[in-house]
Every structure is written in C-alpha cells, then in structure tokens.
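Q: Let me begin by handing over the structure; questions about it come next.
The values are calculated or read from the model by the stated rules, or taken from the named source; none is laboratory data. For clarity, every value in this text was computed on a predicted model and none was experimentally measured. Using ideal geometry, Cβ is built from the backbone for each residue, glycine included, and neighbour counts are taken over all protein chains shown. Keep in mind that these areas ignore ligands, DNA and RNA; they rest on the heavy atoms of the full protein, side chains included. Shrake-Rupley method; radii C 1.70, N 1.55, O 1.52, S 1.80 Å.
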Amino acid sequence: MYVHSSSAFICDPVDTIDGMKEDLKKYTDYYFRRINKFIMLSLMGVHQCIHASPVSPSAAVYLATENGNLGDTENVLEQIYRKNSFPKPFNFINTMSNTASFYVAQSLKTLGRSITLSSKNVSFERALELAKTDFELNHITEALVGGVDEAVASLDERCAKNHESCHNIRMVEGSCWLRLKPEKDGAAGEIIDVRTFAEMKAAARWIEGAAGSPVTLAFGIFTTPADRIEWRHALPGAEEFDYLSGYGYYDTAAALAISAFFLRFSGRSLVHANMTADGQHIVTVCKSY
Amino acid sequence: MKGSSDKKLKDELKQLIIDECDLDIGIDDIGDDDVLFGSDSPIGLDSVDALQISIAVQDKYGLVITDSKTLRKVMKSINTFADFVRPE
C-alpha cells in the first residue's frame, strides 16, 4: 500500500482546546461542536494530512489509540464518583470509543468503514496491518490511518520498565496520519511490511533481507537497550532516527515515527522496531521515494 | 424580581448555554424570546443539549428538572428559562 500524504501533528500538553479550534479553522469551514481534546487532535492530524484535497466517499478511517478519550473518561469518573452527580452528556457520549473516528469520517464526508482500534503498545502497527488486509481483499480503495493519543503523565513509568532514563524525552499530544491508496502514481512512498516476531534473532535475520538501502532505523520506546544493539548489528551502517528525542513521545508514537519519516526523508527505507506488551517484536518497514 | 426582568441573569444563562453547548456565538446572538430548540430555532439546540443544560443548571443553581415535558416548557426561550431559575 502506498503513502500519498502524511501528517505529524504534535504539541505540548494543553488544558483547553480553544487554540486548536482556531487552528482547525485553517483547514475546514465546518464548526465542530461538543468535541473534546481527543477528537480535536484526531481532526487536526487528519486535516493536516489530506491538505484540503478531496477524499473518496468510500475512504476508510482507522484510528489507532492506546488510551482513547482519556480526558473525558476522567471527567465522567470525576462527575460520578467525586461530585456524586450525573455525568455531563457530552462528556459521556465522547467516552465511547468510536466517537473520534465518527467525527473524522463526518468531516471528510466519507461513508466508508470507520474503526477505532487499540492493541497494547502497538496500536498503530495493528491498524496498518488491518488496512493492508482490507486493501488486499479489495474491501477498500483509500484509507486514512492515524495514531492519536493525549499526553499522559506517566512517561517515567514507561521508561522505568526498560530501565531507561526519559530525561531527554518530552511528553506531547499527538495525532499523526497516513493517507494510503493501492496506486503507486503520485505516492510519496510505501508501507512494505509489518511483521511480528516472537524472538529477536528471527526478526534480525528477516530484516537483513527485507530492509532496503540506504536504511534509517528507529526504535519504539519499549525496545530494550539489548534489542537495540541487536538491531544495529543486523543493519550495520543504518542511520538512526531518534524521533522520540526530536519530537517527543505519546502513546501511539509509532505513527509519529512513520509519518515524520515520510515528511523528512526521501529515497530511503525506514525500519521501525517496536515491542508488544507481551515482549514480541514488531517491525514496520517503509520506503520513501 | 422575576428572572425574565433581570438582564444580568439572562446574560448569565445565555453564557451558560453557549459554554455548555459549545456554541460559536456571543450572548448578543441569542434573543430573549428566541426559540432555543428545534429546526425553527436560530441556535438549533437538540435533546442532548437540553440534557447538558439541565445538568449544568442542577450543578450551578441546585434546580432539578425532573421530566422532559417540564424541560421543554422551561427551556422554550431565555425568558422562560430565567423565570424558572428565579420565579419571583
């Protein structure tokens, strides 16, 4: 599947969405009512990705997220348990998992499938796999695949799992999207493969033959220091793309790695190595033209 | 003084509606007798907005609207809404 455009929308953690609402007006005339930060992030990212160009009425939306509507879920729990009150209807409705992809589909005027999916640590990679399968089965002819998450305050906890310091990584709000089509004409690159391996050795063996040249190597936050050494051995001479230090981290940051790669690099391959919650290795290989 | 005679209260209610219903308008865009709900209304609120407002009214003024019939009657316009919040 070919990447026709991409976006990498990130910003420092914000308490209100007023600023983003103003920014969104640059991309669309539609006024979005009753939305929250998660929905706003989704809209910002997807509209930056499509650059105001029309989307097919049957385009599919795959919104990958680790945490979903985190802020509104917190609001609803606060209203019920702390204030002992009814939850506000807008907050309650927006806690439903597919609300953001509904707003995205509505704003793009697409009637195709719209799916929100989450898979511990590797939600964006799983969304790419799903889109790839749907393209292969001819179920879709265009897809918007995004990784969206609000900033959370537990970055240290994530790093502690890998005994790593997070002092050089800032937490950000993020919404990064790819516009995918089966046609190569006009594409900026392609997603070559997304593979999962139980063992690092098998992943390293596979990548030696699968990565193109010149190659850029990027790591998800859960890739252990020991595994990083193995990846470097498997791809000697690979240039490293430390997007987490450069841009920041949010929970579907694999989307940031891949989107930013297409925005920044041309004529290269990207190998993004990440780790599932149960310790499997997931590798995404892309190529920019 | 009845609520419908108190401009300050009515402006407060207009602002509450704007904030709670996430409307991109100012308080001057809502007339005191404008219909608030339905397709004939200049601001076109719907049943979800009504629920949102009723919970906000409960939180802010301690007033509970118990059924949808009362809700529709109370929130017909800013004047009826203000009279509900302050009947005398």
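Q: For residue A:287, go through the lysines and keep the ones whose alpha-carbon is under 21 Å away, minus same-chain ones fewer than eight residues off.
A: In chain and number order, the partners are A:132, A:181, A:184.
Q: Could you report the buried accessible area between A and B, both sides summed, computed with a 1.4 Å probe and given in Å² to the nearest 100?
A: 1200
Q: Could you give the distance between the Cα centres of segment A:17-79 and segment B:14-88, to the whole Å?
A: Cα centroid to Cα centroid, the span is 27 Å.
Q: Across segment B:28-40, in residue order, what do the Karplus-derived ³J(HN,Hα) couplings come to in whole Hz, using 6.51 cos²θ - 1.76 cosθ + 1.60 with θ = phi - 60° and x for Gly and Pro?
A: My calculation for segment B:28-40 gives 5, 7, 10, x, 4, 10, 4, 5, 8, 10, x, 6, 7 Hz in order.
Q: Related question: Let me spell out the model: positive unit charges on the Cβ of Lys and Arg, negative unit charges on the Cβ of Asp and Glu, origin at the Cα centre of chain B. What dipole size does that give, in debye rounded to 20?
A: Its charge dipole is roughly 460 debye.
Q: Now for a separate question. In whole Hz and in residue order, list the ³J(HN,Hα) couplings for segment A:222-235 that follow from phi through the Karplus curve 6.51 cos²θ - 1.76 cosθ + 1.60, θ = phi - 60°; x for Gly and Pro.
A: 8, 5, 6, x, 5, 5, 4, 4, 5, 5, 5, 5, 5, 10
Q: Still on this structure, please answer the following. Just the accessible area per residue of segment A:193-289, please: how many Å² with a 1.4 Å probe?
A: 38
Q: Quick check: from the Cα gyration tensor, does segment A:162-289 come out rounded (a/c under 1.5), prolate or oblate?
A: Oblate shape, in that a/c is at least 1.5 and b/c is the bigger or equal ratio.
Q: About the Cα centre of chain A, how large is the charge dipole given +1 on each Lys and Arg Cβ and -1 on each Asp and Glu Cβ? Please answer in debye to the nearest 20.
A: Value, rounded to 20: 500 debye.
Q: Here's a follow-up. If I ignore ligands, DNA and RNA and count only protein heavy atoms, how much of residue A:92 is accessible to a 1.4 Å probe, in Å² to the nearest 10?
A: Looks like 110 Å² after rounding.
Q: Do any residues of segment A:70-98 lose at least 50 Å² of accessible area when the full set of protein chains is present rather than just their chain alone, and if so which, with a 1.4 Å probe?
A: Buried by 50 Å² or more upon assembly, which counts only protein chains, are A:88, A:89, A:90.
Q: Right, here's the next one. How much of the accessible area of segment B:3-81, in percent, comes from carbon and sulfur atoms when a 1.4 Å probe is used?
A: Carbon plus sulfur share of accessible area: 49 percent.
Q: Return the carbon/sulfur percentage of the accessible area of segment A:36-81, one whole number, probe 1.4 Å, all protein chains in place.
A: So the carbon and sulfur contribution to the accessible surface is 59 percent.
Q: Using the heavy atoms of the protein chains and a 1.4 angstrom probe, tell me the accessible area per residue for chain B in square angstrom.
A: Roughly 54 Å² per residue, with all protein chains present.
Q: Scale the Cα Rg of the protein assembly as shown by the rule-of-thumb value 2.2 N^0.38 Å and send over the ratio, two decimals.
A: So the Cα radius of gyration is 1.16 times the expected 2.2 N^0.38 Å.
Q: Then there is this: Between the alpha-carbon centers of segment A:101-144 and segment A:207-248, tell me the distance in whole angstrom.
A: 26
Q: Hey, if you put +1 on the Cβ of every Lys and Arg and -1 on every Asp and Glu Cβ in segment A:203-289, which of A:288, A:206, A:250 ends up farthest toward the positive end of that dipole?
A: A:288
Q: In addition: Label segment A:36-193 by shape, choosing from rounded, prolate and oblate, from the square roots a ≥ b ≥ c of the eigenvalues of the Cα gyration tensor; if a/c is under 1.5 it is rounded, and otherwise prolate applies when a/b is larger than b/c, oblate when it is not.
A: Oblate is the answer for segment A:36-193, as a/c is 1.5 or above yet b/c matches or exceeds a/b.
Q: Each residue of segment A:38-50 in order: what ³J(HN,Hα) in whole Hz does its phi give by Karplus 6.51 cos²θ - 1.76 cosθ + 1.60, θ = phi - 60°, with x for Gly and Pro?
A: Coupling constants for segment A:38-50: 4, 5, 4, 4, 4, 5, 4, x, 5, 6, 5, 5, 7 Hz.
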